[in-house]
Structures are given as C-alpha cells and as structure tokens.
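The values are calculated or read from the model by the stated rules, or taken from the named source; none is laboratory data. Model, not experiment: these values are computed from the prediction. Using ideal geometry, Cβ is built from the backbone for each residue, glycine included, and neighbour counts are taken over all protein chains shown.
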C-alpha cells in the first residue's frame, strides 16, 4: 500500500481506538461505555488489517463486536436501571491512577528503548489456511483443551444464570419477608406458595 | 435493602444510586420488575379503539386489564327521545359489521311490544339478509384473525373479495353497504329488486369452491396451527359461567345456537346444522366460523327455493304507541346472542332502550384466556374473539 | 486461466462488457502512467464503491416498486399504479414524502444513541456488497476470508438494531430490539454451519473461490446440500427480520418494533437498508447455492453479472413470496425451531460434507462420477430429515387433530356438550394431527 | 517516517494502561469486565505486531496464540457476566465495592 494511505489508516485507527477507550472512563452511562468499547474494538480490528493479519481482524469483529458486546448489553439489560451507573470509585481512584501511571511509564520505556531487531518481511499470505492447518497439526492438544474450556464455560454460565423454581421460591420469600420487615428467612423451611387448589375437572369436554 | 440490612451486612452507603424504595408487590421470580405495556386505543390490531393494559414478565402475560368506552356515543339515552321507527338507524351503528342482525333484533323486540304479526315473505327476506350478513361478518372476522397471526393481509383480501359481493347485494336492495337500515317494524322497507335473486344464485354457485380454496390454503398451514392451536383456551364450564355466546362458546363444545334453541323469523322450517368445536382454542373458533359460513349458504339456498310472495310489510301506524310493558328479543348475530330490551310507558318513544352486546360479554373472558400466554398470543386471542368496539361501547 | 480470461485479454477493450474489470484496469493503468500511485489506489477504491452504489441505488427504488406490485398480485389487487406510468414513480414519491416529513425524537430519548443507528445501519448493509463476486474478477474485494467477513459484518448489524431499540425509550421499541437481538444471535449459528459445508467442500473461504469450484465441477451446491440451502434461506430471512420471522417489527404485536419512534427520512433509511440487505442476501444465496455468475458455460457470451442478477431476482421473488403468504411465528417457536431443527440439520450436513470431502480426496474418486451419487444421497438424506422432523417435533397441542362436529338435534348446555362429544361416528371435519 | 514496531508497541501499552485503570476504578462489575477486555485486546495487538515484524516462522504461532486468547476471553466474559447476574440476584447490586462480604 502506498505510504500516505498507510499513514492515514494507522493514525486514524489509533485515534479511534484510544479515543474509544478513554471515553469509556469518562462516560457516565454503562451502555454508552459498552458502545465506546465496541468502537475501540473496531479500531483494533482495523489495526490488525494494517498489520495484514486479516483472519484475526475478521475473527476480532465477529467475536468481540458481534458476540461479547451484545452479551454485555444483555447482562446490563437484566439488571435494573439503578445499576447502570458507570462512575468511578473516588476513594480508590487516586492510588489506582498512581499504579497505572507507574506501569505505563515502565512499559513505554521498555517499548521504545530496547532494540527489537524488527525486520519487515513480506506478510503471510492465505493466513486462514495456514492457521487452520497449524491448529490441526502442531497445536492439536491446545485446540482440544480450548474446546473443553469453551464447553465448560458454556455449561457453567448457563448453570449460574439459570434460576430453578426452588431458588425462585427462596428469593420471592426473602423479598416478601423484607417487605413485611420480619428479617431474613432461612431458606430451609420455605413453604411453597399455595397453588390454585380447585383443579377444575375438564373431563366433560375433552 | 433497608438500612438495617446494610448495617447488618456492613455495607457502606456511598453510591448515590442505591436501591431506594420498597419492592413492588407484584415482583417476578428474579426480582426484575414486570413491564406494563399499553396496547393502547391507538394500536394496529385492537380492532378499533380499545385499550388493553397488559402486565408482562418478559414476554409472559401476567395480567390483562381492559379499558373500554372510547367509542361510547350514549346511544341508549338518545334512543329514548326518538320514536320506535326513528330508532332503527341507530341499530345499524351499534355493530357496524352486522347491521342487518341489529335491525332484525330491534324490530323483533318492537313487534313483540306492539303485538304485530310479520307476513311470511318479510320473514323469509329477513332470514336471507341475516344469513348473508353472517357470511360477510365471518369473512371479516377470519380475515383479521389470520392478519393478527401475521400473514400480511393476503388471506384478508381474499375474504374481502367475497364480502364485497355480499355488500353489493345489500347496496342493490337498500342502497347502503354497511348501515343498511333495511328492516322496519312489521317487515322490511322495500321488496327485493329483480336483479337480486340472479346475483344471489351466482354467489351461491361460486362460494363452495372459494371456501374449498380457503380450506386448502389455510387449514393445513403449519404456522397457523403453531400460532393458534392451544392458544387462548377456555373450558366449557368457564365459557358458560361467563355467559359467552356465539362461535366463541360453540368452539368449546357447547352446542348452543339461538336459531335452534329459540327459533325466530321461521328458522324452524329451514334445515341446517350447528358446528361445534372441541378444544375451545383460537383455531377451533376459526374452524367453527368457517363451518358456519357453509351452513349459512345452505340456509340461503333453502330460502331462495321456497321464497313466498305477498306483502313484505304489515300495515303499522307511523307513530305507533305501544301500551305500557316490556319486551326482550334476541337474535343469533355473527358474534353471539344479540338482545334488545325495550320498555314502553305508552308514549311514542321507548322509556328504556337497552342492547345486550355479545362482543362485550365475550370480551370479559379475554383476561382469563390470555394470562400465562405470551403478548403475541394475547393479540391472537383478541383477534379470535372477533370484537366490534362499536357494539362494546354503544 | 479460464478461457474467459484469455478471451478478455485478447479483446480487453473497455467496450467488452463481459468483464467490467477491463474498464477499471485500463483507467488505473492510464492514471499510473502520469499521476502518483496513491491517486491510482484511491481511484480504484472510488470506482469500486461507485460500482456498488450504482447497483444499489436504482435497484432499491425499483425493488420497492417490484415488492409492492408482486405482493399486490398475490392479494388480487393492482398495487401502485397512480404515480407515474404503471406506478413506477411511487417509490420516488415515497422517498420525497419521507424526506419532507418532520423528524421527531422522543423527549427522554438518549440523544447520541438515538441519532446514530439510521446512519450506522448502512455500514454493514454496504460493506457486505464488497465481497459479492459479480464476475470472475469483478468483486470489489476478493478477500480470502470472504465468508467469515460476511458473517462478521452481518453480526454488527445486530448491535445497531439494539441501539435503535433501546435508545428510543419506548416499550414496543425495546421489545422489538430484544427480540431482534435474541433472534439474529441464535440464527447466526445455522448460517455459519450451512456456509461451513460449502467452505469444507470447496476448500476455500473466498466467495469467488466457491463459485469457481462450482464452475470447475459443473455442479451447483443446492443439488449437493439441499438442507443447508433451506437452512441458510430460513436463517437469512430471520436475520433480515422478514416473515415468517419478522417478529422484531411485528405490526400486529409491537407496532413497528425497533424503528417505532423513527419518523421521516430516518425511517426511510431503515426501510431502504432492509430492502438493500434483502437484495444482497438473495445475491449471496444465489452465489453460494445457485452458482453465482456462472451458468454451465453461458457466462462466455452473456455478461456474468447479468446471470447473477437474474438468479438474485429469482431468490428475491422467493423471499417476497414467503413474505406475502406465510403468517408469523412466535419468538419462542422461532428459537426452538432454530435450536431444535436448523442447528442439528446443518450439523448433520457438516459431517456429511467432511465425509464426502475426504472420500473425494483421499480415495481419489473421480468427481464427475462421485458427485452425482453424493447429490442423490444428500437429497434423500434431506427428505428423510424433513420427514423425521415433521413427525417427531410436533408440539403437544398439534398432535391431536382439530375436529368440528355437527350438533344435530342436541342443543343445550353442558349435558348436550357431553352428548355431542361422546358421539362416536366420524366427525364432519378433521384437520391436522398425525 | 515509516510506521515501525515501536508505534504498535506504544499503542498497545497505552491501551493496556487505559484498560488497567478502568478495571481498577470502575464500580460496576460489567465496567470491570470491560476493562479486562481492553487489557486482553492490548496484549493481542502487541502480539500481532510482533508477528508482523518478527521472523516469519514465529509469525504463524503468534497468530494461533491470539486466536486462543480471543477464545479464552469470550469464555471469561460469559462466566464473568453469569457471576455478576448471580451476585445481583442475591445482593440486588452488582457494584463491586458493595459486595465485599463473602457470605456462605
């Protein structure tokens, strides 16, 4: 690519990524924060393209922008409006900023100072095929372990989020108790809510 | 979380958005508050200005509250200042989709009050137009029902094509398509025009294969089955307790039809059948309406074959003054049992004019049918009950 | 080099419209001679984009007219015929009307996120066109990760729909947005799996590579993988929010779904992008399963992009047909249909594709003989799978037939109802049930 | 001047620090997860930069490594959000500093 085009692309994408990330810190509303996150993710996908890693760029868009951000939005939707506050914790903000500054200075110094012996060779072509083959040939074990990990995460997330009836009964009872102000209810002897007892006999029609 | 709990749990209170206020009574399982959605008076599928306040937990309907009265024209009060004949145009506008049945019910009540005998030709003509009105109204009902299930108006337009032919016949005889104002106390306003019977003959000739098309197209449609079967179910006992009537009642299996149970206008000498459903869900109502249209065509065939001639209007004084008393006449309108209750105090105008609207009473069962289903099911159930807001609010 | 390429090199003149690439190549070479090279790359980019916009712009207007006319034919009516000759200017009139309408915004709406969606929804709509091959070398960007790019970009559209629905602070819009997000996330899985069978069989992820494989083997994928084609068609129509899966803007239930609060040209943009997406998705269905710009050698004489447009028109008609006639499915039925029917079906065909692919390569079967046999086997497998699903996965209320009986003489209340119900002879009218 | 390896490394470092600060200072569990996501992405960016400017045979393995990082990140977010939901269900709040009590 011509130098001018490359420069334009790199600097605009860098601005987009860092701008998005910093806006996350500033924005008050959590949903705004997620949308700024999506913008910086797209910026990073563009940066991958400038590094001619097109398979990774497309995977990044597919997974981060397509799935993870929507997952976060779902999580935010499931918690009520009162929890959508994206504000910083003022007390711990100060020391945190200090630590981050320290980390930043050290990493930047290392990044700029050391001589990485960078060499600019031709980029890989047809990366999708190469990555696929290497995943199956050299990295077959991590590939399988990754599969197991993903399934475990899937099952775990569902098990955690799912709410079976017994939990619901405990939860509803504790809410009701708080309403009536009798203090907390120990979950052991929770009486199930009386189910409508008059089972209407419908043998007539069917 | 009351402050006592915070103290006990040792949580510092610094976030200014802490959970204030008590938890509402109607909390759902996981504490998220239910959404109250207004299927407001201005909504594409409420068949007119009718408001349904639906409380939803996610998509599941927890409570459905009806708000009516947006189309209230206080007809029953106005009717008290008009003579019996002047009230006939009111009845067209009560249920604007079945004006003929309204006229018929009111005239029967007035005739009972005045003690007038209707000549046989007028009775046959009245039966003919009542059944034609049923075909037109059921076409409209089934079309909009499928439209609520989501089909983009295509079945609706097919059924409107048949309805247009019926409305043309109305226009031929009494000059109006919807607000017919055709029946008078003691008979009908005009005799049948000469070209009506040939049109009716060709209509009866075409309809069977039209209905065969609908059955082929709609009956086996898997998506319609999925959307309508098992939705908005009501048991026969509940149907009878909430005094439902018409196709909604017959779909639950209760064979109650006024034309058979308490025949009027000579229905006893026509041979027809009363279709009865089994499950009492939306699809059964749809099927019952389809079968009823076929029965109406059977009646129309018999009416044409032995149409008596003779006078079509008994001689009734213009400002008849009935002696004090009351009368209640009821008719099997396309939506159910439509009744008119008239009280006379000897004056030219009725002392009390009341109409029993089948839509309003069928609508009371909507809450019981839609609780537990999803929002989409509530809309489909509302469509299958086939309400007319003019009749509900009067 | 396919013979077409040699032929066009000989001719290579700009007037040889069989391959529009010549025109672009000549222009860039001309610029490269005198101008700086970055100007050439910019001009090629602009030409590519102009080509796409030239395709989208007029076809969108014509499509609005085509869709309304075809649906009106289904419904026994004329459709627009007042504005312009045979109603052709109706879309223009609609566009002007929408532009002139006032742009309302709900007071409590989240300003930033309310104004962005109508613009952002165009991005995936146009980006997808980049990967669609109109001819052997006539695609804006022939990425070797084309299929993945298509899925990634159509994934981002979900986010924009959510932003539109959530920010307009209206219950119906929120319902519409949540439904759209939930549905398109779950319908992305069968889409990925359906395309996986093609990628496995043709060995490349580039869309043009798939078309060239079909050209090389003289077979179109709908014959080889009919169930994947059906699954992809239904999943695509669900992604596009079209009937029978248009629950995210179900008029009868939630007024207009996520774009309830948008008025004026903002709604116009949503509507235009929806049609544009339908066009490009039917283009991709034609490319993947009907052989795209190739038609058994016809593409030597007829320009390839005409063949593609004809096939796209055919698939687009199919989409209008389903939209015009089928009622809408409920959200939970759609979800269960996706996870219980489409995903297993496409998984089955991924396995079948792997097996057949290894047979073709490792066993070294001659493709001209092996492919027809596999095609017949796959079609039989499809019919078997559909039959099995129709029988097994019927929800409880549908299992019993709906019966209508004639009451005959018993007219009355509950007792009469029991007598009618207990009657044994064949009911007059029976529908459904197995 | 040519866009070299250092540009990408500086960008990655900045992004990492922003993510780190967000993870440390945000009060909401989802905010912390966003911070963690940014940190992971920063690491991916530096890895891809190394693969582009490093020797070719090392380039492929780094890209495979990045694919694994993305997979793990997705799994981590899924479980993290599920945890946030469960915490909300029992504590009616997912603000990180109000759930300091490990109750059985």
Would it be correct to say that residue A:114 is modelled with pLDDT under 90, away from chain C (no Cβ under 11 Å) and buried (at least 16 other Cβ atoms within 10 Å of the Cβ)?
-> no
Can you tell me which residue among C:349, C:337 is crowded, with 19+ Cβ neighbours inside 10 Å, part of a helix (DSSP H, G or I) and out of contact with any helix residue (DSSP H, G or I) (no Cβ under 7 Å at 6 or more places or on another chain)?
-> C:337
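Can you tell me which of C:379, C:361, C:386, C:373 is within 13 Å of chain B (Cβ to nearest Cβ), within 34 Å of the chain's Cα centre (by Cα) and in a helix (DSSP H, G or I)? Don't jump to the end; show me each part of the working.
Working: C:379 fails: within 13 Å of chain B (Cβ to nearest Cβ); C:361 fails: within 13 Å of chain B (Cβ to nearest Cβ); C:373 fails: within 13 Å of chain B (Cβ to nearest Cβ).
The conditions single out C:386.
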Quick one: would you say residue A:133 is modelled with pLDDT of 85 or more, assigned to a helix (DSSP H, G or I), more than 10 Å from chain D (Cβ to nearest Cβ) and closer than 30 Å to residue C:144 by Cβ?
-> no
Pairs only if they're at least six apart or on different chains, beta carbon under 8 angstrom, first in the stretch A:157-168 and more than 20 Å from residue D:77 (Cα to Cα), second assigned to a helix (DSSP H, G or I) and at pLDDT 75 or above; list them, first residue then second.
-> A:167/D:89
Name the one entry in D:3, D:22 that is crowded, with 19+ Cβ neighbours inside 10 Å and facing chain A (nearest Cβ under 7 Å).
-> D:22
Please give the helices (runs of 4 or more DSSP H) falling wholly within the stretch B:36-154 in which 2 or more residues are within 13 Å of another protein chain (Cβ to nearest Cβ) and either in contact (Cβ under 8 Å) with a residue 60 or more places away in the chain or under 30 Å from residue B:204 (Cβ atoms) (or both).
-> B:120-148
